[in-house]
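See structure below.
Derivation of every value follows stated rules applied to the coordinates shown; laboratory data play no part. Just so you know, these numbers come straight off a predicted model, no measurement behind them. Please note: Cβ atoms are built from the backbone with ideal geometry, for glycine as well, and neighbour counts cover all protein chains shown.
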Amino acid sequence: MEPKTIIEKIWDKHVVHQEEGSPDLLYIDLHLVHEVTSPQAFEGLRMNKRRVRRPDLTFATMDHNVPTIARHIINDPVSKVQMEKLEENCNEFGVEIADINHPDQGIVHVIGPELGLTQPGKTIVCGDSHTSTHGAFGALAFGIGTSEVEHVLSTQTLWQSRPKTIEIRVNGHLGSGVTAKDLILAVIAKFGVNAGTGAVVEYTGEAIRNMTMEERMTVCNMSIEAGAKAGLISPDETTFLYLKGKRHTPSGEAFDDAIAEWKKLATDPGAEYDEVLEIGAEEIEPQVTWGTNPSMGSSVYARVPFPEDYEDPGDQKSIKQALAYMDLQPGTPIQNIDIQYVFIGSCTNSRLSDLRSAAEIVRGRKVHEGVTALVVPGSKSVKNAAEAEGLDTVFKDAGFEWREAGCSMCLAMNDDIVPPGERCASTSNRNFEGRQGNGARTHLVSPAMAAAAAIEGRFTDARKVKPLVV
Amino acid sequence: MKRIERQGFGQFLFYNWRFDDDGHPRDDFNLNEDQYRNASILVAGKNFGCGSSREHAPWALLDYGFKVVIAPSFADIFYNNCVKNGILPIALNQDTVSELFSKSKNGYELFVELDKQQVSDASGAVATFNIDPYWKEMLLNGWDEVSRTLSLEDQIKQYEEKQLVGE
Ligand code: SF4
């Protein structure tokens, strides 16, 4: 048999219908739904007197708009209606929902894996760009628009054109204290925001193999920021160990059978990708973005670039624009940039290990004067687990706010907004103009780097902020 | 963009360009000029629709009355979302688009014929354009994608039985 990549294996297994001159009709194994991109889709079903074909393969939660302080006070009327609608729609169409009061509530890309809904070999969609997160498990997971949400609700399938395949191979080991977030930011800085256009990326190499599942999720989460439709990692023992005992994964003998199937998914030796990109893990240092797209970033030891450093006139122009928006002078050392806000959260970096790595730096220290710092766990269960370890106290003692689970300051769609002109060190995934609030300036970093920035009031190498023994 | 219905987005279309900070129409934005008020073809700049995976953008265009958007290039997701919502996106080369820009004043009329894949005005053909045959058929028939897929119900069922999906 022809050797195949995991991407082709999953694709081929899910084709329901194929014809000349048309995309393939793919079966969807799991459809995750949230309050923002679903109301119009459910409305479409109702208008056409259609049902949800497989409510058992559909799962809903609330995350984008939810308040993270007082749960029941929803200030924005539209947010309130969107949440009420989701509840109503799920009841009417028989879809399971973890609503704002449910113990399983959280960011959709955090709870899918937590509940074991996310599994190797599945096709997974959600009306959200960062669905690629689930690729960490060896699933083919991608974001869709609202029309497609409606299409999947009513048919459990989706018309899709076969994507290109790209291998991003990360050779060698990451240095101590260099995180998965630094790796993916470095990958995007090196290859650009269009590197993955029209493609699904598989991340391979030693550095990836050595990662925990939570680290792999951080990497896959940002695939879309490199332009890719999806990003995934072939499953291995680390994957199986994580999934064991999760609520929706098979148990007992069925689990062993599942593992036997999952093991067949990994890319065959000798399989060919349309393109291979390589990066050395050793060369990567803690990253900070200085611009208005995720590829505009560099090592914490670098300086803000000069537009003239770039050859392409188009690049020069966009760098100029970015620096104007960010209010940064070319040549400024990254470490001299003062920040006023710190946000630790989002589907990129709001899992227990993320909070632990930030807490390790924060423990026994104080948030710098004039800095507002937030920790927003990705889900209720992350929040509970963190509290059980006393992480909430570590953060609160230092002057951080400790919030309820949700998307929060990742996007300006709820009450958590960075004011105009303020600068935020954020563990999220997008630094576009206005993403965290009108006129707000976002610098993407890892949780450790965000914690260090909160303490120092400016960017600094988190590896140098040694844990205090308290 | 936060609403729960599909209608009603038209009033927000290009809001920051069309209205000033107090919500009054600005006369320096041309959609506000009388001559363009009933336009159904929008001529736009490069990489139109960039940065929007949500469908609120095409809904707003539709709600405003646009059926066709002409631009030198489109963002991928935006292009798909347009077709799925019954808007025809047409990519023409930069020169033709610039020419249309300069001509499109005072009652200039442009005709789009999807079956011939042709754009023309009173003086004759202006340009031809490409479109995937699959999208063309859908738009010409006014099909919604879901009904097309539901006609394949037997195959979906067979797939589910064969793969024991959900068991
Ligand atoms: S945390 Fe941010 S990126 Fe993730 S789903 Fe929520 S809004 Fe989207």
Residue-by-residue Karplus 3J(HN,Hα) for region B:87-97, coefficients 6.51, -1.76, 1.60, Hz, glycine and proline x: 9, 8, x, 10, 9, 10, 5, 3, 5, 4, 5
Considering only A:His17, A:Gln160, A:Asn429, whose Cα is most displaced toward the positive end of the charge dipole of chain A, charges sitting on Cβ of Lys, Arg (+1) and Asp, Glu (-1)? A:Asn429
With r as the distance between the Cβ atoms of A:Asn336 and A:Val15 and R0 = 56 Å, compute the FRET efficiency 1/(1 + (r/R0)^6) and round to 0.05. 0.55
Residue by residue through region A:24-40, what is 3J(HN,Hα) from phi via Karplus (6.51 cos²θ - 1.76 cosθ + 1.60, θ = phi - 60°)? Round to whole Hz and write x for glycine and proline. 7, 8, 9, 7, 10, 7, 8, 10, 9, 10, 10, 6, 7, 9, 9, x, 5
Relative contact order (%) - chain A, alpha-carbon pairs under 8 angstrom, separation at least six: 17 percent
Straight-line reach from A:Lys366: which lysines have Cα under 23 Å away, leaving out those fewer than 8 places along the same chain? A:Lys383, A:Lys396, A:Lys464, A:Lys466
Taking every C-alpha to C-alpha distance in region A:333-409 and binning by 5 Å from 0, the per-bin percentages run 3, 17, 28, 26, 16, 7, 3, 1
Under a Cβ-only charge scheme (Lys and Arg +1, Asp and Glu -1), can you give me the dipole magnitude of region A:63-110 about the Cα centre, in debye to the nearest 20? 200 debye
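Taking the Cα centre of region A:243-335 as origin, work out the dipole magnitude from +1 charges on Lys and Arg Cβ and -1 charges on Asp and Glu Cβ, in debye rounded to 20.
Numbers: 8 positive and 18 negative charges, 134 e Å.
The calculated dipole for region A:243-335 is roughly 640 debye.
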Relative contact order for region A:163-266, counting Cα pairs under 8 Å that sit 6 or more residues apart, in percent: 28 percent
Please state the shape class of region A:332-470: rounded when a/c is under 1.5, otherwise prolate if a/b exceeds b/c and oblate if not, all from the C-alpha gyration tensor. oblate
Give me the mean projected area, in nm² to one decimal, of the convex hull enclosing the Cα positions of region A:212-296. 8.1 nm²
Quick one: Cα centre-to-centre distance for region A:72-91 and region A:285-340, in angstrom? 39 Å
With the convex hull built on the Cα atoms of chain A, state its orientation-averaged projected area in nm². 22.7 nm²
Taking placed amide H atoms and a strict 5 Å upper bound, the residues 5 or more places from A:Gly121 or on another chain that come that close are A:Ala139, A:Leu140
Report the dimensions of region A:403-470 along its three principal axes from the alpha-carbon atoms, largest first, rounded to Å. 39, 25, 18
Let me confirm one metric for peptide A:73-83, namely the mean number of other chain beta-carbon atoms within 10 Å of its residues' beta-carbons. 1
Roughly what would the spin-label model give for A:Glu387 and A:Leu241, points 7 Å off Cα along C-beta, in nm? 2.9 nm
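Cα-Cα pairs above 28 Å in region A:84-220: how many percent?
On the way: 2373 of 9316 pairs.
Of the Cα pairs, 25 percent sit more than 28 Å apart.
Using the alpha carbon gyration tensor of region B:95-167, what are the three equivalent-ellipsoid semi-axes (square root of 5 times each eigenvalue), largest first, in whole Å? List each step's numbers first, then the result.
On the way: eigenvalues 386, 27, 21 Å².
They are 44, 12, 10 Å, listed from largest to smallest.
Which FRET efficiency, nearest 0.05, do A:Val276 and A:Thr197 yield, Cβ-Cβ r, R0 22 Å?
Values: r = 16 Å, r/R0 = 0.73.
My answer for the efficiency is 0.85.
Which value, in debye to the nearest 20, describes the size of the charge dipole of region A:142-216 about its Cα centre when Lys and Arg Cβ atoms bear +1, Asp and Glu Cβ atoms bear -1, and nothing else is charged?
Computed charge dipole of region A:142-216: roughly 220 debye.
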Would you kindly derive the ³J(HN,Hα) couplings of region A:287-300 from the backbone phi angles with the Karplus curve 6.51 cos²θ - 1.76 cosθ + 1.60 (θ = phi - 60°), listing them in order in whole Hz, with x for Gly and Pro? 9, 9, 8, 10, x, 10, 9, x, 7, 8, x, 7, 5, 4
Solvent-free Debye scattering, log10 I(q)/I(0), computed from the Cα coordinates of region A:3-139 at q = 0.15, 0.20, 0.21 Å⁻¹: -0.80, -1.23, -1.31
Once label points are set 7 Å from the Cα along Cα→Cβ at both A:Gln329 and A:Arg71, what is their separation, rounded to one decimal in nm? 4.9 nm
Two pseudo-spin positions, 7 Å from Cα along C-beta at A:Glu87 and at B:Phe111, lie apart in nanometres by 5.6 nm
Find which of A:Ser318, A:Gly390, A:Val95 sits farthest along the positive direction of the dipole of chain A, computed with +1 on the beta-carbon of Lys and Arg, -1 on that of Asp and Glu, about the Cα centre. A:Gly390
Partner lysines whose C-alpha sits under 25 Å from that of A:Lys264, ignoring same-chain residues fewer than 8 away, are A:Lys4, A:Lys9, A:Lys13, A:Lys122, A:Lys164, A:Lys229, A:Lys244, A:Lys246, B:Lys162
